[in-house]
1. Report every pair of residues separated by at least 6 positions or lying on different chains whose Cβ atoms are under 6 Å apart, first residue within segment 138-157 and more than 19 Å from residue 128 (Cα to Cα), second part of a helix (DSSP H, G or I) and away from ligand 2 (no atom under 13 Å from the Cβ).
2. Exactly one condition in (1) within 16 Å of ligand 1 (Cβ to nearest atom); (2) modelled with pLDDT of 95 or more; (3) in contact with a helix residue (DSSP H, G or I) (Cβ under 6 Å, 6 or more places away or on another chain) is not met by residue 253; state its number.
3. Against the definition (touching a residue at least 40 places away in the same chain (Cβ under 8 Å) and not in a loop (DSSP other than H, G, I, E, B)), how does residue 94 come out, yes or no?
4. Out of segment 128-176, which residues are surrounded by fewer than 16 Cβ atoms within 10 Å (Cβ to Cβ), more than 10 Å from ligand 2 (Cβ to nearest atom) and either in a loop (DSSP other than H, G, I, E, B) or modelled with pLDDT under 95 (or both)?
5. Counting only residues that are assigned to a loop (DSSP other than H, G, I, E, B), in contact with a strand residue (DSSP E or B) (Cβ under 8 Å, 6 or more places away or on another chain) and surrounded by fewer than 19 Cβ atoms within 10 Å (Cβ to Cβ), how many does segment 296-326 have?
6. Going through segment 38-64 one residue at a time, which ones are free of Cβ contacts under 8 Å to residues at least 40 places away in the same chain and either in a strand (DSSP E or B) or closer than 19 Å to residue 315 by Cα (or both)?
7. Being more than 12 Å from ligand 1 (Cβ to nearest atom) and surrounded by fewer than 24 Cβ atoms within 10 Å (Cβ to Cβ) is the filter here, so list the residues in segment 21-36 that pass it.
8. Could you tell me whether any residue of segment 102-109 is within 23 Å of the chain's Cα centre (by Cα), within 16 Å of ligand 1 (Cβ to nearest atom) and either free of Cβ contacts under 8 Å to residues at least 12 places away in the same chain or outside any helix (DSSP H, G or I) (or both)?
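The values are calculated or read from the model by the stated rules, or taken from the named source; none is laboratory data. These figures come from a predicted structure and were not determined experimentally. When we count neighbours, we look across all protein chains shown, and the Cβ atoms used for this are built from the backbone with ideal geometry, even at glycine.
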Ligand code: AMP
Ligand code: AMP
């Protein structure tokens with residue numbers, strides 16, 4: 001486990017006048033880099049050869065470091081290079097998708113914006129649930145064993161990437177049948193099924209509000225809202241039910257993009273209170289709580305109840321819909337504010353106030 005004193009020592013040696021924002025070249029990197037450039041910070045991108053074109057077409061990166069694999073981020077040579085460039089890393093979905101929590105917590109000796117201690121709370125579904133429940137949020141019920149299934153459930157694999165391998169079941173029998181089929185198709189493994197997480201399927205529409213928790217201002221800001229565009233589930237409605245039954249489609253949830261959402265205004269107060277409550281609980285669980293961006297993954301039902309089924313305590317790719325601006329960022333900041341820029345602004349303010357150590361771990 002990397003202690004905050006270790007990071008503190010590294011930060012002490014940084015040239016604060018040449019601070020750089022660094023991240024892996026994918027997910028929300030353009031958002032993060034554009035924001036950093038607009039705030040006058042340097043940018044460092046750890047990137048795969050095949051993705052370089054993105055940074056040629058959108059010149060938002062000062063320093064491109066080409067790697068074969070994102071796990072190279074764990075190498076001491078690369079980390080030394082990042083430290084020599086005064087890099088503050090901004091974690092996003094690719095960090096947790098390609099590196100383990102253990103690796104992020106123990107082997108990444110580069111200052112990272114955010115609270116590393118919260119990673120542990122987030123990584124495990126049970127502790128995450130406890131966090132959200134204790135914050136007073138409404139959660140879908142969960143089932144210990146497939147044999148307990150008495151309503152429509154969604155079966156989730158541990159550490160699934162973008163909902164890949166998820167499936168629905170309405171009974172124990174249906175669950176085992178579907179599981180066998182999924183294994184047969186190679187979509188999941190036997191082990192996935194043994195450690196599967198069974199959650200009540202909440203019928204409603206998805207809303208993903210993105211917040212920014214500013215430790216400097218003791219405030220939680222609502223900055224963007226989106227929903228996902230998922231294949232094949234968003235395609236199934238295009239064919240009639242009779243054909244759906246005939247070809248036996250499994251509704252999979254692989255993300256291909258996002259849509260912006262403007263929420264019915266009477267739902268906003270609850271969405272705002274939920275963000276505040278989640279951060280407040282995090283302050284107790286792992287002080288100083290959430291640092292920077294986070295997102296609640298919710299379903300809203302026909303009686304306007306908001307169910308939260310997950311939290312991401314970092315920037316989500318859904319905030320990319322707000323690059324430039326979004327109604328929620330506009331309401332607070334006027335033109336030209338978005339998650340990547342808000343991150344850079346916080347880094348700049350922290351540096352000015354000599355508070356960098358409070359938002360970096
Ligand atoms: P990638 O960098 O595209 O390989 O994605 C890394 C992780 O972030 C994967 O778990 C993806 O499913 C997730 N992810 C990437 N893009 C999006 C998106 N637009 N919306 C939601 N999740 C995403
Ligand atoms: P995730 O990868 O956990 O964000 O979820 C992938 C997809 O499953 C998203 O489209 C969610 O809307 C859907 N989903 C996850 N949990 C639930 C739930 N409890 N009820 C309804 N839909 C869900």
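1. Qualifying pairs under 6 Å: 146/172; 146/175; 147/172; 149/172; 149/175.
2. Condition (2) is where residue 253 drops out.
3. Details: touching a residue at least 40 places away in the same chain (Cβ under 8 Å): yes; not in a loop (DSSP other than H, G, I, E, B): yes.
So residue 94 fits the description; yes.
4. Within segment 128-176, 136, 144, 145, 150, 151, 158, 159, 170, 171 meet the criteria.
5. Applying the first criterion (assigned to a loop (DSSP other than H, G, I, E, B)) to segment 296-326 yields 301-305, 313-316, 323-326.
So of that shortlist, the ones also in contact with a strand residue (DSSP E or B) (Cβ under 8 Å, 6 or more places away or on another chain) come out as 301, 305, 313-316, 326.
With surrounded by fewer than 19 Cβ atoms within 10 Å (Cβ to Cβ) added as a condition, the list becomes 301, 305.
Here the count works out to 2.
6. So in segment 38-64, the residues free of Cβ contacts under 8 Å to residues at least 40 places away in the same chain come out as 43, 45-61, 64.
Answer for segment 38-64, where residues must be free of Cβ contacts under 8 Å to residues at least 40 places away in the same chain and either in a strand (DSSP E or B) or closer than 19 Å to residue 315 by Cα (or both): 43, 45, 46, 47, 48, 60, 61, 64.
7. Restricting attention to segment 21-36, the residues satisfying the condition of being more than 12 Å from ligand 1 (Cβ to nearest atom) are 21-22, 32-36.
Listed by number, the list holds a single entry, 34.
8. Of segment 102-109, the ones within 23 Å of the chain's Cα centre (by Cα) are 102-109.
Then keep just the ones that are within 16 Å of ligand 1 (Cβ to nearest atom); that gives 103-104.
With the extra rule that they be either free of Cβ contacts under 8 Å to residues at least 12 places away in the same chain or outside any helix (DSSP H, G or I) (or both), the set shrinks to none.
No.
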